[in-house]
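The values are calculated or read from the model by the stated rules, or taken from the named source; none is laboratory data. This structure is a prediction, so every number in the text was calculated from the model and none was measured. Glycine gets a Cβ as well: all are built from the backbone with ideal geometry, and neighbour counts include every protein chain shown. Each accessible area value is taken on the protein alone, full model and side chains, heavy atoms only, with ligands, DNA and RNA left out. Shrake-Rupley method; radii C 1.70, N 1.55, O 1.52, S 1.80 Å.
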Amino acid sequence: MTTVSLQGARPFWDRQTHADRRPALLARGRMMDAWRSGFAVRDFVEVETAVLQVSPGNEAHIAGFATELAGPDGGKRPFYLHSSPEFACKKLLAAGEERIFTFARVFRNGERGALHHPEFTMLEWYRVGEDYRRLIEDCGWIVGEAARLAGASRLRWRGRECDPHAPPELLTVREAFRRRAEIDLFETMGRDGAPDARKLRVAAALSGFETSADDTWSDAFSKILVSLVEPGLGVGKMTALTEYPACEAALARRCAHDARVSERFELYACGVELANGFGELTDPVEQRRRFVSEMDERERIHGERYPLDEDFLAALASMPAASGIALGVDRLVMLATGAPSVEHVMWTPVAAS
């Protein structure tokens, strides 16, 4: 298995730094070639989506990069670098494509660390007319190929290990919170899924976990998830964390068997989130309502909001039932090669200063 050593503050173009990183970078290229071939034999079409969009996305906690588009008349319009190719891909589904994938360069401001980078690569794919759980099967061969091409029998991250070839454990969010935090999320939501922040804060306190008095339900949920639940996911074998609360899945449709939860899952390996999949919401009225709610929350926290992509909402009305998923290429390469951070598996990471 390839192991990459941390090179302190030396730039990526330092000759020794590059020599240390190069085996992982070459493995990255082999993985991407194999994934392309794998999608091709499964009758997928590779697409390319524009980076410039009228909206970076409408999730409360994802910050975009703003720019301007100058016209030939000298007029300027606000545009953004996309945080995901999702809106563009769904427009292609509305246009008639049925199985598509893309390797997209995406941009998220204010995110930097061992697992985060302001610019990174996302592998996103969609299946029209297929259940979102089929995407979990796709993740199996994608992760398996990554490990094989890195020469790794295990995925590793900060003392945790995971078998990349074993089928993922399927675990609902409710059960994960019961096991790891001794909290029943359903007792903090109404029968329609409406969250009650006070009830969740009280439940957290009874379990010995401290939240803030002004935490929303979403704030408390995220804190408990990150601190108590995530570290134990994907250890030994991958975990597909399924049936997210509907209020935590702005782009997913609700589960038919229980309106409190949605057709959303996240894939974990070694405590690291690798992918986020959905049974896609196709109701433009409901989607608009959720986007507005997300932007209300962003304005409350950050004092700003992003425009809605009206073209996307119009296309959504024509989009067929589909499932879709986004997987972090850099994180998967990092786990397969034993690299200490995502920057070590990027050919030219963004300068730190």
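Determine whether Leu135 is of a type outside the set (D, E, K, R) and either open to solvent by less than 30 Å² (accessible area, probe 1.4 Å) or more than 17 Å from the chain's Cα centre (by Cα) (or both).
Here the answer is yes, as Leu135 does meet what is asked.
For residues that are among the small types (Gly, Ala, Ser) and more than 29 Å from Arg331 (Cα to Cα), scanning just the range 249-288, find the one that is surrounded by the fewest Cβ atoms within 10 Å (Cβ to Cβ).
Only one residue tops the list, namely Ala256.
Against the conditions (1) more than 22 Å from Leu313 (Cβ to Cβ); (2) open to solvent by 60 Å² or more (accessible area, probe 1.4 Å), where does Thr121 fall short? Just the number, please.
All conditions are met except number (2).
Looking at the range 148-171, is at least one residue open to solvent by less than 60 Å² (accessible area, probe 1.4 Å) and either farther than 20 Å from Gly271 by Cβ or basic (Lys, Arg) (or both)?
Yes, there is a match, as at least one residue in the range 148-171 is open to solvent by less than 60 Å² (accessible area, probe 1.4 Å) and either farther than 20 Å from Gly271 by Cβ or basic (Lys, Arg) (or both).
Kindly check whether there is at least one residue in the range 236-248 that is crowded, with 20+ Cβ neighbours inside 10 Å, of a type in the set (Ser, Thr, Tyr) and over 19 Å from Trp125 (Cα atoms). Give the steps one after another, and end with the answer.
Kept after step one, since they are crowded, with 20+ Cβ neighbours inside 10 Å, are these residues of the range 236-248: 238-246.
If we keep only those that are of a type in the set (Ser, Thr, Tyr) too, we end up with 239, 242, 244.
Subsequent filtering for residues that are over 19 Å from Trp125 (Cα atoms) retains 239, 244.
Scanning the range 236-248, I find at least one residue that is crowded, with 20+ Cβ neighbours inside 10 Å, of a type in the set (Ser, Thr, Tyr) and over 19 Å from Trp125 (Cα atoms), so the answer is yes.
Considering (1) out of contact with any Gly (no Cβ under 8 Å at 6 or more places or on another chain); (2) loosely packed, with under 13 Cβ neighbours inside 10 Å, say which one Arg77 fails and leave the rest.
Here Arg77 clears every test but (1).
Condition first: of a type in the set (Gly, Ala, Ser) and either outside any strand (DSSP E or B) or within 16 Å of the chain's Cα centre (by Cα) (or both). Now tell me which residues in the range 243-261 satisfy that.
Hits for the range 243-261 are Ala246, Ala249, Ala250, Ala252, Ala256.
Taking the stated definitions as given, is Asp214 surrounded by fewer than 16 Cβ atoms within 10 Å (Cβ to Cβ) and in contact with a Phe, Trp or Tyr (Cβ under 9 Å, 6 or more places away or on another chain)?
Criteria not met by Asp214.
Sort out for me the strands (runs of 3 or more DSSP E) sitting completely within the range 1-110 that have 1 or more residues that are touching a residue at least 60 places away in the same chain (Cβ under 8 Å) and over 30 Å from Phe221 (Cβ atoms).
Where strands (runs of 3 or more DSSP E) fall fully within the range 1-110 and carry at least 1 residues being touching a residue at least 60 places away in the same chain (Cβ under 8 Å) and over 30 Å from Phe221 (Cβ atoms), they are 76-81, 99-107.
Within the range 275-282, identify whether any single residue is assigned to a strand (DSSP E or B) and without any contact (Cβ under 8 Å) to a residue 60 or more places away in the chain, and answer yes or no.
yes
Give just the number: which of (1) open to solvent by 10 Å² or more (accessible area, probe 1.4 Å); (2) of a type outside the set (Gly, Ala, Ser); (3) in contact with a strand residue (DSSP E or B) (Cβ under 7 Å, 6 or more places away or on another chain); (4) at pLDDT 95 or above does Leu225 not satisfy?
(3)
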